[in-house]
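Since the structure comes first, as structure tokens, the remarks are kept for the end.
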Amino acid sequence: MSESNADSERLDFIREIIAADNESGKYGKRVHTRFPPEPNGYLHIGHAKSICLNFGVAAENAGGKCNLRFDDTNPLTEDVEYVDSIQEDVRWLGFDWEDRCFYASDYFDRMYEYAVQLVKSGKAYVCDLNEDEIRKYRGTVTEPGKESPFRNRSVEENLALLEKMRAGELADGACVLRARIDMAAPNMKMRDPLIYRIRNAAHHRTGDRWKIYPMYDFAHCVSDSIEGITHSICTLEFENNRELYDWFLDALGVYHPQQIEFARLNMTHTLLSKRKLLQLVEEGHVSGWNDPRMPTISGIRRRGYTPESIRKFCERIGLAKRNSTVDVTLLENSIRDELNATAPRVMAVLAPLRVVIENYPEGQVEFLDAVNNPEDPSMGTRQVPFSRVVYIERDDFLEDPPKKFFRLAPGREVRLKHAYYITCTGVVKDDGGNITELRCKYDPESRGGGTPDGRKVKGTIHWVSEPHAARAEARLYDHLFADANPAEAKEGATLGELLNPKSLEVINSALVEPTLAEAAPGSRFQFMRHGYFCVDSVDSRPGRPVFNRTVSLKDTWAKEAKT
């Protein structure tokens, strides 16, 4: 089965549900989805999958709509910074909610009215048990729970207490509003779940107006209902919540969307827990939410990934009904495929070794034609300056090379990319025996890679001209976690102990082609033999470029995994 066919089959179970609903006219042949993040952190690659799914399913159906809704029900963890970053990330991925940006806090008044309705119908009560007592009374998966001693309060008493909660007359934790369902229910989500809790804290949109805030399970389904959502597509972790989702809407007698679950994204060498990502930031293991090693969309964007590559990755992995782990190489291959076709090839030397071409005229400068991208002739060529002194990569020379080393060595001839054949004629060392410079000669007849006598060489190496090269900083990024499954790593290991110590190497002495000194932030290039790089959007400055390695030219972990 081809990759595209496999993806199509994985998507069938959602498409079939929607197609059946359209055929039956269940929602008037409407398709209306939503992407409902909590603004308590930055979005990550797992959210990208949900964004592509919810906006994509809506776009596949004529007249389909998708809302962006912030489920902002916890003032202690939410912030405008997160709201702004989420909007930026969704737009960057290529999706637009038009005039359909909403907040759960838009509906706080109506939610409270619904809570009062549940109390009046005998389906909710105010409970004075504290958090630990509620947990103890809930029972276990094999033992039924025990009813709260406050479960049978009168409607009048419950309404009076609820109003005191709302007015701020009670302290945090003094009581909660709970649904009256079934303390012996097999699904523990149904054992009198919380509806409201007291939070004497300011909200980023409503300020100090509210002293109580709805729980996520209540706010989420009510918001879906108010907005007329048809298909509430959630990750598999909410499968057990579906029964509660349905119960709330049925108990209220309101419009009822359908909840559908799909497997969340798990990826090797990665953690996609907001709590763990926040811990990485707060403990200083990374420079921030947009650190290019982070799986956040802002980090991935800064590292050089494109929205097209992320959408392609989400399309490739498709959807599944059960959790599984995706190899991170699928994400890396999505950007390799794109940049191989679109990124200009340039020459950058990360570990410079000086080469003096002794028979090249002093003071002479030539401008040589260099192909920008052999995969796309329409990208044309550029002019690269060449002079008597150039720099090559230090590991492109060995004084005593092994048999299959085809690069530069004493007495050996190689081709300088886009330029001439050179032969090493001497080695200069310092007092410590370290190689500081090479002496070479060039063949003037070999410009462009050929000679009149048809002589061939096996090695081609890149270079930059000493007078013209721009100094740059190169940041070589790798997997943040060395373990392929950090979530299942050795028991007791701290988050810091799980980090890959080689996840970042900073090179301050890199030399690049002169035009790259003024490259715009976000510009992407292939550094020959090193990988794909982009100009850092935060730290790079004109004349002082910083390049982030997006991905190597090939999977460097595959060989290590085999061993």
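The values are calculated or read from the model by the stated rules, or taken from the named source; none is laboratory data. These numbers were taken from a predicted model, which means no experiment stands behind them. Cβ atoms come from the backbone with ideal geometry, glycine included; neighbour counts cover every protein chain shown. Accessible surface is based on the protein model in full, side chains and every heavy atom, while ligands, DNA and RNA are left aside. Shrake-Rupley method; radii C 1.70, N 1.55, O 1.52, S 1.80 Å.
In the list Ile195, Ile226, which residue meets the criterion of being in contact (Cβ under 8 Å) with a residue 24 or more places away in the chain and under 32 Å from the mean Cα position of the chain (by Cα)?
Details: Ile195 fails: under 32 Å from the mean Cα position of the chain (by Cα).
Answer to the selection: Ile226.
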Item to check | Top-ranked residue in segment 121-165 [being free of Cβ contacts under 8 Å to residues at least 12 places away in the same chain and part of a helix (DSSP H, G or I); ranked as least open to solvent (accessible area, probe 1.4 Å)] | outcome: Ala160
Next on the checklist: Condition first: modelled with pLDDT of 95 or more and of a type in the set (A, V, I, L, M, F, W, C). Now tell me which residues in segment 525-555 satisfy that.
Outcome noted: Phe525, Phe527, Met528, Phe533, Cys534, Val535, Val538, Val546, Phe547, Val551
Checklist outcome for this item: By residue number, the members of segment 274-297 that are open to solvent by 10 Å² or more (accessible area, probe 1.4 Å) and in a helix (DSSP H, G or I) are Lys274, Arg275, Lys276, Leu278, Gln279, Val281, Glu282
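Condition (residue is in a helix (DSSP H, G or I) and open to solvent by 20 Å² or more (accessible area, probe 1.4 Å)) applied to segment 255-273: is it met by at least one residue?
Quick first cut of segment 255-273, residues in a helix (DSSP H, G or I) only: none.
No - not one qualifying residue is present in segment 255-273.
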Item to check | Residue list for segment 298-347, filter: in a helix (DSSP H, G or I), more than 30 Å from His418 (Cβ to Cβ) and of a type in the set (Val, Ile, Thr) | outcome: Ile300, Ile310, Ile317, Val328, Thr329
Checklist entry - Limited to segment 504-531, what total is found for residues that are under 21 Å from the mean Cα position of the chain (by Cα) and open to solvent by 10 Å² or more (accessible area, probe 1.4 Å)? => result 7
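Could you please let me know if Arg322 is modelled with pLDDT under 95 and either under 30 Å from Asn266 (Cα atoms) or in contact with a Gly (Cβ under 9 Å, 6 or more places away or on another chain) (or both)? Full working, then the answer.
On the way: modelled with pLDDT under 95: yes; either under 30 Å from Asn266 (Cα atoms) or in contact with a Gly (Cβ under 9 Å, 6 or more places away or on another chain) (or both): yes.
It is true that Arg322 is modelled with pLDDT under 95 and either under 30 Å from Asn266 (Cα atoms) or in contact with a Gly (Cβ under 9 Å, 6 or more places away or on another chain) (or both).
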Next on the checklist: Which pairs turn up if I take residues in segment 375-389 that are at positive phi and look for partners that are in a loop (DSSP other than H, G, I, E, B) with beta carbon separation below 7 Å, at least 6 apart in sequence or on another chain?
Outcome noted: Gly380/Asn372
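Residues checked against (1) within 20 Å of the chain's Cα centre (by Cα); (2) open to solvent by 20 Å² or more (accessible area, probe 1.4 Å); (3) closer than 21 Å to Leu265 by Cα:
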position: Thr33; (1), (2), (3): no, no, yes
position: Phe55; (1), (2), (3): yes, no, yes
position: Asp72; (1), (2), (3): no, no, no
position: Pro75; (1), (2), (3): no, no, no
position: Phe95; (1), (2), (3): yes, yes, yes
position: Asp99; (1), (2), (3): no, yes, no
position: Tyr103; (1), (2), (3): no, yes, no
position: Tyr107; (1), (2), (3): no, yes, no
Item to check | Complete set of residues in segment 216-232 that are of a type in the set (Gly, Ala, Ser) and within 25 Å of Asn61 (Cβ to Cβ) | outcome: Ser223, Ser225, Gly228, Ser232
Item to check | Selection within segment 222-243 - surrounded by fewer than 24 Cβ atoms within 10 Å (Cβ to Cβ) and assigned to a helix (DSSP H, G or I) | outcome: Val222, Ser225, Ile226, Glu227, Leu236, Glu237, Phe238, Arg242, Glu243
